[in-house]
Amino acid sequence: MMDAGAARPTRVFRIETADRLSRTSAIIACIVLLMLVLLPVFAGRTLIQDLIFLFYMLALAQCWNLLAGYAGLISVGQQAFVGLGGYVLFALTLIGGANPLLAIPVAGIVSAALALPTALIVFRLRGAYFAIGTWVVAEVYRLVFAQVKALGGGTGTSLSPSVTSSVPGIEWIKTALDVRTPAARDIASYWLALALMAGTLAFVYLVLRSRRGLALGAIRDREAAAASLGVDIDRIKLAVYVATAAMTGMVGALIYLQKARISPDAAFSVLDWTAYVLFIVVIGGIGTIEGPVIGAIIFYLMQRYLADFGAWYLILLGTLGILVMLFAPRGLWGLVSERYDLTLFPTRRRLVVNEDRSQG
Amino acid sequence: MLLEVAGLRKSFGSIVVADDLDLTIAASEAVGIIGPNGAGKTTLFNLIAGGLSPSAGHIRFDGSDLAGLPPQGRCRAGIGRTYQIPQPFENLTVFENLLVGAVHGRRKTETEAVQACGEILDQLGLLKCANALAGSLTLLERKRLEMARALATAPKLVLLDEIAGGLTDGECAELVATIGDIRKTGVAILWIEHVVHALFAVIDRLVVLNFGRKIAEGAPKEVMQRPDVHQIYIGIEA
Ligand SMILES: Nc1ncnc2c1ncn2[C@@H]1O[C@H](COP(=O)(O)OP(=O)(O)OP(=O)(O)O)[C@@H](O)[C@H]1O
Ligand SMILES: [Mg+2]
């Protein structure tokens, strides 16, 4: 017998977001995080320093991925916020005498506050003009900070050891792990970098699982169609721009706390804070949360083992980037996930049908 | 009137693609649009849905002027649209495609929106691929997804842009039945279609566009008998 129209049994639908796989990956994530937290007990100083670098590049990559990969905002000017965050930390600690730990969130707030007027300018530009606009703005930031004599002008300045050692917990680390002050400073920075990286990752993941994440997925794929389905494109883009500026600013503050030396050319470097980050996201897989993780690890390994080759290293980096763009436009993670239908950070919403539930 | 278009004009440089158009649609009315390629049919949809802004003229919907309202505002006001060339969110699942419209177009939570989305997918025969990536769909399925997604926004007026092309007779009859069901729920329909027999099975009124102008309007059968329309109609069928 055919059941057509009204005779069709009423179906009850429900949504399923977290499947068994996501519980497994949550447990794995917790174990990995715990191991990373405890790592300084066993690891040598070189590895700790390397991992600080890996963590902040990964945090920057996650931010840029949200910005460019999802919201379609191809910024090549995020160094504006790295440098701004770094300089805010230097100003607060050197001139204001504040604790560096406090200076990091303040750097985030200042970056967000300056991102708003910046957005007012660059959001008027579309596509390639937007990219160029963000770069110009970052250059303006660089030129402005080069004028600030109190922060060393064009040549820059250093943090005194009294500042870098004033991060709370350093004394405790020294006694608990039996290390000297420089190593203890690195370990404190390591934990800060780990916290920022994990926080950024968690933030991006939670955003992608929210209703805004649904909208970002739509904007990533088809911006015009997203708008005609009611997605408030401009508002979401502005929110993403400001939020990523805040996170990028905090990472910038941490980077320059660890480096203990800042100059306008380094802090607002388009190569260090945009080109490398772009490379990480593109080879890993743009528009996925896993891509930047894979990309950051590959970039770290290349930096670690090939950086001694100087110019050849950069040429290799560029070539790899172009090859991936040409032959695996969805990045290395795209290749893996296509073949094995794998996800580490599941954001899918599944529709589940409960059949043959008779109507009440 | 649900939709009132008055003196609408749009030109791209020196080409005029909408020339002093007037059009009204009442609540739960079904109106068809035909016209040769390049007549400005899709452009009219873009003007109504807010993808393009007119050079002159007014569009009122549900009692308020749409001037300056962006596409997302028009969606929330109750205008749903499909694209002639389907625009699925390829890396989202079919269900998630609908969820975008239900959550953002109707300001519902995901949990509130599920049941309605599921029923629309069921109605349009997309339930079996609900959890497949939209990028993996065939062209016909993509066209159905266009319609499903528009319906997920709970529109008062739905704009359908050539959704019957390439269907077999059976599929076409199914589509006509589905659109009939949608009409019964009180949704007004504005439907651009080259497959005239499908169109005629649904619509109350026919509008003929040519070179951006409305050259005829009225009861479908009568309009088709006019010699100037007949001329163009032959052009379409060719
Ligand atoms: N953005 C644009 N810029 C310039 N010209 C455009 C643009 N969009 C459409 N046109 C032109 O406007 C005219 C009308 O196009 P439109 O897409 O509205 O036609 P149509 O009636 O939908 O045709 P078809 O039956 O082929 O879908 C065409 O000549 C087209 O080339
Ligand atoms: Mg068209």
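The values are calculated or read from the model by the stated rules, or taken from the named source; none is laboratory data. Values in this document were obtained by computation on a predicted structure and should not be read as measured data. Counting neighbours? That spans all protein chains shown, and the Cβs are built from the backbone with ideal geometry, glycine included. Calculation scope for accessible area: heavy atoms of the full protein, side chains included, ligands and nucleic acids excluded. Shrake-Rupley method; radii C 1.70, N 1.55, O 1.52, S 1.80 Å.
In Å², rounded to the nearest 100, what is the total accessible surface buried by chains A and B against each other with a 1.4 Å probe? Mind showing how you got there, number by number?
Numbers: alone 18780 and 11000 Å², together 26650 Å².
So the total buried area for this chain pair works out to about 3100 Å².
Can you give me the P(r) profile for segment A:272-360? Cα pairs, bins 10 angstrom wide beginning at 0, each as a whole percent.
16, 39, 21, 10, 6, 5, 2, 0
Given a 1.4 Å probe and every protein chain left where it sits, what share in percent of the accessible area of the protein assembly as shown is carbon and sulfur? Could you put the intermediate results ahead of the total?
Working: 16510 of 26650 Å².
Carbon and sulfur together cover 62 percent of it.
With no solvent and one equal point scatterer placed on each C-alpha of segment B:87-154, evaluate the Debye formula and give log10 I(q)/I(0) for q = 0.28, 0.29 Å⁻¹, two decimals.
So the normalised log intensities work out to -1.29, -1.37.
Hey, which of these cross-link pairs are over 19 Å Cα-Cα: B:K156/B:K221; B:K128/B:K184; B:K10/B:K41? The partial results should precede the final answer.
Working: B:K156/B:K221 26 Å; B:K128/B:K184 25 Å; B:K10/B:K41 12 Å.
Those over the limit are B:K156/B:K221; B:K128/B:K184.
May I ask what percent, to the nearest 5, of DSSP beta bridges between residues of chain B are antiparallel? Walk me through the intermediate numbers first.
Working: 20 of 36 bridges.
So the antiparallel bridges amount to about 55 percent of the total.
Residues of the protein assembly as shown: accessible area per residue at 1.4 Å, in Å²? Let's see the in-between values first.
Numbers: 26650 Å² over 598 residues.
Here the per-residue accessible area is 45 Å².
Around A:A266, with a cut-off of 12 angstrom between Cβ atoms, what is the net charge of the other residues, counting Lys and Arg +1 and Asp and Glu -1? Working shown, then result.
On the way: positive: A:R142, A:K259, A:R261; negative: A:D265, A:D272.
Charge balance in the 12 Å sphere: +1.
At 222 nm, what value in deg cm²/dmol follows for the protein assembly as shown if DSSP H runs of at least 4 each add -39500 (n - 2.57) and the sum is divided by all its residues, to the nearest 500?
Working: 25 runs with 325 residues, N = 598.
Only helices count here, giving -17000 deg cm²/dmol.
Mind ranking A:L257, A:L47 by accessible surface for me, highest first, 1.4 Å probe? Working shown, then result.
Working: A:L257 10, A:L47 75 Å².
Descending order: A:L47, A:L257.
At q = 0.14 Å⁻¹, what is the log10 ratio I(q)/I(0) for chain B, with the Debye formula run over Cα points and no solvent?
Each listed q corresponds, in turn, to -0.90.
Pull out a ≥ b ≥ c, the square roots of the eigenvalues of the alpha-carbon gyration tensor of segment A:112-153, then state rounded if a/c is under 1.5, prolate if not and a/b is larger than b/c, and oblate in the remaining case.
Details: a/c = 4.62, a/b = 2.03, b/c = 2.27.
Oblate, because a/c is 1.5 or more while a/b does not exceed b/c.
Rounded to two decimal places and with Rh computed the Kirkwood way over Cα pairs, what is Rg over Rh for segment A:148-223? Before the final figure, lay out the partial values.
On the way: Rg = 20.0 Å, Rh = 16.0 Å.
Here the Rg-to-Rh quotient is 1.25.
Scanning chain A for helices, which whole DSSP H stretches are 18 Å or more long along the axis (Cα) and average 1.6 or more by Kyte-Doolittle? Don't skip to the answer; put the middle values down first.
Working: long enough: A:20-38 (27 Å, 1.98); A:45-64 (29 Å, 1.19); A:100-122 (32 Å, 2.14); A:127-146 (29 Å, 1.24); A:181-209 (42 Å, 1.13); A:233-259 (38 Å, 0.97); A:290-306 (24 Å, 0.90); A:311-327 (24 Å, 2.28).
Long hydrophobic helices here: A:20-38, A:100-122, A:311-327.
Where the centroid of each part is defined by its Cα atoms, how far is segment A:18-69 from segment A:147-211 in Å?
16 Å
Using the Cβ atoms and a cut-off under 15 Å, what net charge is assigned to the surroundings of B:A27, where Lys and Arg are +1 and Asp and Glu are -1? Mind showing how you got there, number by number?
Working: positive: B:R60, B:K156, B:R183, B:K184, B:R205; negative: B:E4, B:E29, B:D62, B:D204.
With Lys, Arg at +1 and Asp, Glu at -1, the net is +1.
How large are Rg and Dmax for segment A:17-353 when calculated on the C-alpha trace, in angstrom?
Cα radius of gyration and Dmax of segment A:17-353 are 20.0, 67 Å respectively.
Given Cα pairs under 8 Å that are at least 6 residues apart, what percent is the relative contact order of segment B:87-154? Each step should come with its number before you reach the end.
Details: 81 pairs, mean separation 34.3, N = 68.
Relative contact order for segment B:87-154 comes out at 50 percent.
Run the numbers on segment A:106-231 and let me know its relative contact order in percent, using alpha-carbon pairs under 8 Å that are six or more apart.
9 percent
For the protein assembly as shown, what is the percent of antiparallel DSSP beta bridges, rounded to the nearest 5? Don't jump to the answer; show the numbers that get you there.
Working: 27 of 43 bridges.
Counting only bridges with both partners in the protein assembly as shown, antiparallel ones make up about 65 percent.
Residues of segment A:201-224 with accessible area at least 50 Å² lower in the all-protein-chain context than alone (1.4 Å probe)?
A:R211, A:L214, A:D221, A:R222
Can you give the percent of C-alpha pairs in the protein assembly as shown whose distance is more than 45 Å?
Values: 54607 of 178503 pairs.
Value for the protein assembly as shown: 31 percent of Cα pairs lie more than 45 Å apart.
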